[in-house]
1. How many residues are surrounded by fewer than 19 Cβ atoms within 10 Å (Cβ to Cβ) and either of a type in the set (S, T, N, Q) or over 23 Å from Gln13 (Cα atoms) (or both) if we restrict to region 252-266?
2. Taking only pairs six or more apart or across chains, which ones have beta-carbon atoms under 9 Å, a first residue in region 380-406 that is under 13 Å from Ser440 (Cβ atoms), and a second residue that is modelled with pLDDT under 75 and of a type in the set (Val, Ile, Thr)?
3. Among all residue pairs at least 6 apart or on different chains, which show Cβ distances below 6 Å where the first residue, located in region 88-110, is without any contact (Cβ under 8 Å) to a residue 60 or more places away in the chain and the second is open to solvent by 60 Å² or more (accessible area, probe 1.4 Å) and of a type outside the set (S, T, N, Q)?
4. If you take the residues of region 415-436 that are of a type in the set (A, V, I, L, M) and buried (at least 20 other Cβ atoms within 10 Å of the Cβ), which of them is modelled with the lowest pLDDT?
5. Quick one: in region 143-166, of everything that is within 30 Å of Glu362 (Cβ to Cβ) and touching a residue at least 40 places away in the same chain (Cβ under 8 Å), which residue is surrounded by the fewest Cβ atoms within 10 Å (Cβ to Cβ)?
6. Please find, among Leu250, Leu278, the residue that is of a type in the set (A, V, I, L, M, F, W, C), under 17 Å from Tyr354 (Cα atoms) and touching a Pro at 6+ places or on another chain (Cβ under 9 Å).
7. Yes or no: Tyr225 open to solvent by less than 30 Å² (accessible area, probe 1.4 Å) and under 21 Å from the mean Cα position of the chain (by Cα)?
8. For the list (1) modelled with pLDDT of 70 or more; (2) assigned to a loop (DSSP other than H, G, I, E, B); (3) buried (at least 17 other Cβ atoms within 10 Å of the Cβ), I need the number of the one condition that Ala352 fails.
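The values are calculated or read from the model by the stated rules, or taken from the named source; none is laboratory data. As the structure is a prediction and not an experimental result, all values here were calculated from the model. When we count neighbours, we look across all protein chains shown, and the Cβ atoms used for this are built from the backbone with ideal geometry, even at glycine. Please note that ligands, DNA and RNA were not included when accessible areas were found on the heavy atoms of the full protein model with its side chains. Shrake-Rupley method; radii C 1.70, N 1.55, O 1.52, S 1.80 Å.
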Amino acid sequence: MGGDLVGLELIQQKATEDKSKPFVLMENSRERTYVAQTGLIGEGLPNHKTEYKLEPATYEMKPGADKLEIRLATVAANGFKVEKIYTFHRGSYQIDVGYEIENRRQEPLLAHAYFQLTRDGIVPESSMTNIATFTGPAIYTDEGKFQKVPFTDVDKGKAKYIQKAGDGWLAMVQHYFVAGWTPQGKDEREFFVRKVADNLYSAGIILPVPAVAPGQSAKISVPLYAGPQEQAKLEKIAPGFDLVVDYSWLTVIASPIYWLLELIHRLVGNWGWSIILLTVVVKAIFFPLSAASYRSMAKMKVVTPKLMKIKEQFAHDRNRMNQEMMELYRKEKINPLGGCLPIMVQIPVFIALYWVLLGSVEMRHAPWLLWIQDLSSKDPYYVLPIIMGVSTLIQTRLNPTPPDPIQAKVMMAMPIIFTFMFLWFPSGLVLYWTTNNILSIAQQWQITRLIEGGKQKNR
C-alpha cells in the first residue's frame with residue numbers, strides 16, 4: 001500500500017532493551033507508528049494509499065555492489081505509467097526515494113510530489129535524564145534557520161515554521177536518531193506539519209515534478225536520511241543537518257566541545273577515557289578562574305570564625321554587623337562574591353558539556369571499563385554515583401561554612417541530593433562530574449593549604 005517504508009532496522013545499532021537485536025527506527029505495529037510515505041499530487045496519479053506491485057525476487061545488495069535499486073510499479077488507467085524507486089547505498093544511511101513517470105496522454109503532465117514522515121507522539125527511550133531532548137518535526141531553511149515544531153503546538157494549532165522556501169529540508173527528530181527528507185537543488189518547496197489522528201502526525205515536503213510532455217518520461221527523487229545522529233555524517237548530508245543533535249540553547253558552545261571530544265576519541269579510542277581527558281582539558285582552560293574562586297573561598301574559610309564572632313556580637317544591630325563584616329573583608333582583602341563570579345562564568349560551558357554527553361549517539365552502548373559497558377545508561381551497581389556523592393561531600397567540607405545555620409544545613413544536604421539525582425543519570429555524565437569533582441578537590445585543597453599556611457606564618 002503506497003509503497004511505504006514501514007519497517008527499518010539499523011543493524012549497527014543495538015536495541016535499547018534487548019541488545020542482541022538491532023535497533024528498530026521505523027515500524028507500523030500496535031505499539032508504534034513511524035513510517036515514510038510518498039505520493040504524487042494530480043488527477044489519477046498514485047499516492048500513499050495506492051497499491052503497488054513488486055516483482056517476486058530476492059532483493060539484496062550483492063558483494064561488490066555499491067547500490068541496490070528496487071522498483072515498485074502501478075499502471076494507472078488514465079494514461080500514466082508510474083514506478084516508485086528505492087535506491088539503497090552501501091555504507092550509507094541515505095536512501096533515495098523517487099518516481100519515474102511516463103506520460104501516455106496527449107497533453108503535458110503538471111504535477112507535484114510529496115514526501116512525508118508519519119509517526120506517533122511517543123517519546124522514545126524516555127528516562128529521567130533525557131525527557132528534555134526534543135522529539136518531533138524540525139525544518140531548516142536559509143531564511144528561518146533551524147526550527148523545531150513541538151507536537152503540543154501542532155495539537156493546539158499553534159505550530160510556527162517557514163511554509164515555503166527555495167531551499168531546506170524537513171526531519172523527524174528523536175533522541176540519538178533522525179529521519180529527514182533532504183531535497184537537492186533550489187526548487188520552490190512547501191513544508192507542512194499536521195495532525196492526522198489522535199497521537200498521530202505527518203510532516204513533509206511538497207515539490208514540483210518536472211513537466212512531462214506527451215510520450216515522454218520524467219524522474220523526481222529525494223534522499224531520505226534515516227539513521228543515528230553521527231555528526232560527522234550529518235554535516236555532509238545538507239546545510240544545517242547537524243543541528244538535529246539537540247544541544248538545547250547552548251549549541252554555539254556545545255559544538256566545539258563535541259569537536260574536541262571527538263578529536264580526543266580519535267587518539268585514545270575509548271569514549272570513557274575521552275570524557276576524562278576532555279574534563280581535564282576544560283578544567284585546565286578554566287584553571288585561572290577556578291584558582292581565583294578557590295582562593296577567595298579559602299580566604300573566606302580562614303576568616304569564618306571572625307565572621308561568626310561579629311554575627312554573635314552584633315546580632316541585634318544588623319547595620320553595625322554589616323559594617324563590621326565589610327570592614328573585615330576590606331582588612332583581609334576579600335571580595336565576598338569572589339568565589340561565585342568565576343564559577344558563574346564557567347556554568348554555561350559545563351551545561352553545554354552536559355548536553356554534549358546527553359545528546360551524542362556515540363555514547364550509546366559505548367563501553368568504558370569493567371562494569372560500565374554503556375556510557376548512555378545508568379551505572380548498574382551505582383558505584384560511580386556514590387563516588388560522585390562522596391567527592392561532592394569532600395568538596396563541600398573544603399568550602400567555608402556559611403554563617404547562616406539554614407544555609408549551612410542546605411549545603412550539607414546537597415551531596416545527598418546530588419547522589420540521589422545522579423543514580424539514574426547516564427554513566428558518561430556521572431563520570432564527567434566525578435572527574436571534575438576530583439580535579440576541583442585537588443586544586444581547592446592545594447590552594448586552601450597554601451593560604452592557611454601563609455596565615456599561620458603571618459601570625
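1. Counting residues in region 252-266 that are surrounded by fewer than 19 Cβ atoms within 10 Å (Cβ to Cβ) and either of a type in the set (S, T, N, Q) or over 23 Å from Gln13 (Cα atoms) (or both) gives 5.
2. Leu398/Thr448
3. These pairs meet every condition: His89/Lys67; Arg90/Asp66.
4. Leu429
5. Per the criteria, the residue is Lys145.
6. Just a single option satisfies the conditions, and that option is Leu250.
7. Taking the combined requirement at face value, the residue satisfies it.
8. (2)
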